[in-house]
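First the structure, in the form of structure tokens, and then the observations on it.
The values are calculated or read from the model by the stated rules, or taken from the named source; none is laboratory data. Everything numeric here is computed off the predicted structure, so don't read it as measured data. Cβ atoms come from the backbone with ideal geometry, glycine included; neighbour counts cover every protein chain shown. We work out accessible area using only protein heavy atoms, side chains counted, and drop any ligands, DNA or RNA first. Shrake-Rupley method; radii C 1.70, N 1.55, O 1.52, S 1.80 Å.
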Amino acid sequence: MRAAFIDANASLAAVMRKLHRADDLPMAIHETPDITPDDLPGVLQGVQIMINDHTHCPLAVIKRCPDLKHIVFLGTGARSYMNPEELDAECGVKVHIIKGYGDTAVAEMAFALMWGAARGLGNMHHAIMGGGWPRTDGMQLTGKTIGLIGFGGIAAEMARLCQGIGMRVLAWNRSPKSAPGVEFVDLDRLLAESHVVSLHLLLNDETRGFLSRAHIARMRQGALLINTARGAVLDEDALVEALTSGHLGGAGLDVFVTEPLPAGHALTKLSNVTLSTHSAFRTPEATDNLIEASLEHCRRILRQGG
């Protein structure tokens, strides 16, 4: 049995080489982050396990990879790049995702974006770089209410951080949950009462466009919206309108419907946004966790006989 990391950048390749053990199955590391789907059949000849960071895997292409049995996707967003059920049913290829590797890293980014949006740091930074000196009032977060939509590992870490600065924490989850110091409420109440709303939903057919125009309209006047989940879990056009009208006071966004964010996108023209480059998970600690988890998937598959 053989594995191949098909689209490693230099840093991920280095971590894979560092953590790969002598008794692990052979691992071909392709430092080709710009690989295309049409390249996959050639790369995956004789390969049973694909490690995939960000490459699209259309059904028609995977059908041309007869040796492939497993795809280990580096993260939770595999559905943005492939249809797991379709690949299983049509090709017998199992898709594995990795949860929890960057919970703390992503929560810390959400926390940072919240502070940046609350105090207008992005706008002040760019203004100062251009010779300006704007001084505007921000939102003091201590004593305010944050609403967490979705409550997995990242949201639990975000709750811990927010409790630490004296914020009241509300949460909504599709299935019943409980957590110390967190009040679970219905979605309408969360939207109405929260000074900050932070999204923590996996992207799937049920959550695509979840935070709709109607939901955004129900958020309290001047609230902040933070998204470190996936861009497609909200109505991006409605968000732009709410930020432009002043219904929302600001947003901190690490993820977007189209990435990289196109030049001239409406979000880049707003002064009340703080933007980052889908980098919430990028810390050395999270990367080590991610690659080690991918190797553990390979070890488990090997133990189970493929």
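If you put +1 on each Lys and Arg Cβ and -1 on each Asp and Glu Cβ, how big is the dipole of the chain around its Cα centre, in Debye rounded to 20?
Values: 28 positive and 33 negative charges, 117 e Å.
For the chain, the charge dipole is close to 560 debye.
I'd like to know which of S194, V61, G132 lies farthest towards the positive end of the charge dipole of region 53-194, counting +1 on Cβ of Lys and Arg and -1 on Cβ of Asp and Glu.
Farthest towards the positive pole: G132.
Taking the alpha-carbon centroid of each part, what is the distance from region 188-246 to region 73-140 in angstrom?
Taking the Cα centre of each part, region 188-246 and region 73-140 sit 14 Å apart.
Top to bottom by accessible area (1.4 Å), largest first, where do Y81, Y101 land?
Y81, Y101
How far apart, in nm, are two points set 7 Å out from the Cα along the Cα-to-Cβ line at E193 and at Q45?
Label-label distance for E193 and Q45, simple model: 6.2 nm.
Per the 1.4 Å probe, what fraction of the accessible area of region 112-240, in percent, lies on carbon and sulfur atoms?
So the carbon and sulfur contribution to the accessible surface is 52 percent.
Zone of A14 (label point 7 Å along Cα→Cβ, backbone N under 13 Å): which residues in region 254-292?
284-285, 288, by backbone N distance to the label point.
Going by a ≥ b ≥ c, the root eigenvalues of the Cα gyration tensor, does the chain fall in the rounded group (a/c under 1.5), the prolate group (a/b larger than b/c) or the oblate group? Each step should come with its number before you reach the end.
Working: a/c = 2.03, a/b = 1.84, b/c = 1.11.
In terms of gyration-tensor shape, prolate.
Please list the equivalent ellipsoid semi-axes of region 67-161, computed as the square roots of five times the alpha-carbon gyration tensor eigenvalues, in descending order and whole angstrom. Could you put the intermediate results ahead of the total?
Working: eigenvalues 323, 64, 20 Å².
Those come to 40, 18, 10 Å.
What's the angle, to the nearest 10 degrees (0 to 90), between helix 10-19's Cα axis and the longest principal axis of the chain?
Helix 10-19 sits roughly 60 degrees off the main axis of the chain.
In degrees, nearest 10, range 0 to 90: what is the angle between the Cα axis of helix 103-119 and the longest Cα principal axis of the chain?
30
For H56 and T244, compute 0.36 nm times the residue count separating them, minus their Cα-Cα distance, and round to one decimal in nm. The partial results should precede the final answer.
On the way: separation 188, 0.36 × 188 = 67.68 nm, distance 3.40 nm.
Here the answer is 64.3 nm.
Might you tell me the accessible area per residue for the chain, computed with a 1.4 Å probe and given in Å²?
Normalised by residue count, the accessible surface of the chain is 46 Å².
Restricting to DSSP loop positions (anything but H, G, I, E, B) with no more than 15 other Cβ atoms inside 10 Å of their own Cβ, which trypsin sites (Lys or Arg not before Pro) remain in region 62-100?
On the way: sites: K63, R64, K69, R79, K94, K99; in loops: K63, R64, K69, K99.
Sparse-neighbourhood loop trypsin sites (Lys or Arg not before Pro): K63, R64, K99.
Mean separation of Cα pairs under 8 Å and 6+ residues apart, divided by the residue count of region 164-205: what relative contact order is that in percent?
It rounds to 32 percent for region 164-205.
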